[in-house]
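Following: one structure in structure tokens, then a few remarks.
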Amino acid sequence: MGEVIWLLLLVVLLGGGVLWWRRERAARRARELADSRAEASRWYERLGGQLMHLHGDEPAVRQALADAGERYNAVGSQLEQARSARQYELARETALEGLAYVRAARVALGIDPGPELPPLAAARGAGAITVPREVQVRGETFRAGPEPGSATPYYYPGGRMQGRPVPAGWYSTPWWKTGLAAGAGVLGGMLIADALFSPAFADPGYGYDAGYQEGFADGTDQADAGAAGGDDFGGGDFGGGDFGGGGDF
């Protein structure tokens with residue numbers, strides 16, 4: 001009889017322990033979800049607040065603010081649909097990308113860009129353009145540089161295209177967006193990236209983080225397969241600089 005009582009007591013203790021563990025796990029997940037939601041909302045509100053107080057007529061300013069506005073709208077939709085910590089993290093990333101465009105607009109306006117932002121996950125290892133560059137691809141001129149200008153009004157906060165790191169900077173056209181790359185979609189974008197980021201130059205014109213070379217080589221291998229066949233990259237005269245890219249790939 002005593003053994004039965006001890007067995008029942010053990011079962012009760014084990015059941016209570018399992019129930020406590022499940023409740024703690026659920027509570028921990030709820031806290032993590034709440035923290036992720038609060039973090040994403042904080043950056044979303046900051047993005048909205050900064051967008052309200054910025055305006056300008058320069059092409060680079062208008063384009064950067066338009067891109068920031070697109071991210072703001074996207075974050076709002078993401079927050080409404082988010083049901084997991086990961087989804088809130090993605091909303092946070094979109095908000096940070098929008099704030100990167102806001103900083104670019106402030107630079108184009110000639111005012112203090114404000115405090116540094118947390119690094120974008122999509123831009124990790126992509127680096128930034130440090131020297132202006134101009135190349136010819138299929139008869140069309142593409143420019144990139146570290147500063148905004150009438151010839152480079154499109155900012156890109158850094159990212160990857162088909163595995164290739166694309167540095168942050170200012171571009172003459174948003175060639176990284178599908179369908180806008182010299183009318184050739186992704187392939188056209190890869191050809192432009194080949195020309196702008198050719199590793200044949202001793203001074204490629206962009207800074208990069210650890211691990212960039214490996215990622216660049218992977219992207220180059222993919223692009224070379226599509227570029228084989230004599231595409232004209234401007235006779236090898238790539239200027240002397242680099243350009244920037246973001247997270248729209």
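Only the coordinates and a few stated rules stand behind these numbers; no lab work does. A quick note: this is a predicted structure, and the numbers were derived from the prediction, not measured. Cβ coordinates were reconstructed from backbone atoms using ideal geometry, including for glycine residues, and neighbour counts include every protein chain displayed.
Numbers below:
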{"quantity": "Sequence ranges 77-86, 98-107, ranked by mean other-Cβ count within 10 angstrom, highest first", "calculated": "98-107, 77-86"}
{"quantity": "20 °C / 1.002 mPa s Stokes-Einstein diffusion coefficient of segment 1-76, Kirkwood radius on C-alpha pairs, µm²/s", "calculated": "126 µm²/s"}
{"quantity": "Local electrostatic count, Trp21, Cβ distance below 15 Å [Lys/Arg +1, Asp/Glu -1]", "calculated": "+4"}
{"quantity": "4 °C / 1.567 mPa s Stokes-Einstein diffusion coefficient of segment 28-129, Kirkwood radius on C-alpha pairs, µm²/s", "calculated": "92 µm²/s"}
{"quantity": "Approximate spin-label separation Ser150-Val11, in nm, with each point projected 7 Å along Cα-to-Cβ", "calculated": "8.6 nm"}
{"quantity": "By average C-beta atoms within 10 angstrom, highest first, the peptides 37-50, 133-146", "calculated": "133-146, 37-50"}
{"quantity": "Whole-angstrom gap from segment 16-44 to segment 135-174, using each part's C-alpha centre", "calculated": "41 Å"}
